[in-house]
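Written below as structure tokens is the structure these notes are about.
The values are calculated or read from the model by the stated rules, or taken from the named source; none is laboratory data. Since this is a predicted model, take the numbers as computed values, not measurements. Please note: Cβ atoms are built from the backbone with ideal geometry, for glycine as well, and neighbour counts cover all protein chains shown. The accessibility values were calculated without ligands, DNA or RNA, using every heavy atom of the protein model including side chains. Shrake-Rupley method; radii C 1.70, N 1.55, O 1.52, S 1.80 Å.
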Amino acid sequence: MNSLLIAVPGAVAALGAAAAYGAAYPRSQLFGRTICRTNSARNLLDRYNARATFFLIGRYARECPELVKETVARGHLVGNHTETHPNLFRLSRREIRIELRLCHDAISNALGSPPKWFRPPFGFRNPWVVPSARELGYRTVMWTLLPGDWKEQPLEWLIPRLKPIADHVQRGSGNDSRPTAGTGDVLCLHDGTHRQMNGDRSRTLAALEHWLPRWRDLGLEFVTIEEAVSAPAL
């Protein structure tokens, strides 16, 4: 390191350029390992033909635009989940607009087109949240089932908390031996944590490994929110 520090100006300039690359380029590993692509061309959702909607935090979407593109290329949808994942209930109208706009720009820059869907962090809203989202052309999405996969609980605690979806199918079938085409449930799970990138998602993935084949065998189809709301009621 000392030899670099006393090298000729050209080498110093190169070192400065490398540092700038490491600080700004999304796929740089110079200052520590980051994940901006998946390891496999065929992941868990692919295996079960499951399409999902990923509500992205703007600051992470900005760091890994290639991952945003890959998500959409795999047939999923992305939406706005604010820039920093704050409690919007506590923010002013101006602050809410800033959070939405920054995330909006991050996703738009990655994809070349804006998202159309928004989910408020923690589900918290005040009178300005939904109108501010509507100003950007968003429809606001909540959920029917929130199993709490972000909690530090064992897999054995999480798996039963996803059972209501199967229960809804079985109850909806009534006396008919055929399963219903779907439950209309909107399941909210978490791909990591809002506090930092590369959060532990192992319990969520294991729970989906358990339930996806079972839900499929019950006749459920896994679709994006856009597909769900566009499909005619049966």
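Quick one: net charge of Leu111's neighbours, Cβ under 14 Å, K/R +1, D/E -1? Write down the numbers at each step before the final one.
Details: positive: Arg62, Lys69, Arg74, Lys116; negative: Glu66, Glu70, Asp105.
Result for the neighbourhood of Leu111: +1.
What do you get for GluC sites (Glu not before Pro) in segment 66-171 restricted to DSSP loop and a cutoff of at most 11 other Cβ within 10 Å of the site's Cβ? Show your work: numbers first, answer last.
Working: sites: Glu66, Glu70, Glu83, Glu95, Glu99, Glu135, Glu152, Glu156; in loops: Glu83, Glu152.
Sparse-neighbourhood loop GluC sites (Glu not before Pro): Glu152.
At a Cα cut-off below 19 Å, give the lysines reachable from Lys163, other chains included and same-chain residues fewer than 8 away excluded.
Hits, sequence-local ones excluded: Lys151.
For Val72, tell me the accessible area in Å² from a 1.4 Å probe, rounded to the nearest 10.
Rounded to the nearest 10, the figure is 60 Å².
Give a quick list of chymotrypsin sites (Phe, Trp or Tyr not before Pro) in segment 115-144 that DSSP marks as loop, anything other than H, G, I, E or B, with at most 15 other Cβ atoms within 10 Å.
Listed in order of number, the matching sites are Phe124, Trp143.
Please give the per residue accessible area of segment 86-234, computed with a probe of 1.4 Å over protein heavy atoms only, in Å². Intermediate results must be reported in sequence, preceding the final value.
Details: 8740 Å² over 149 residues.
On a per-residue basis, segment 86-234 sits at 59 Å².
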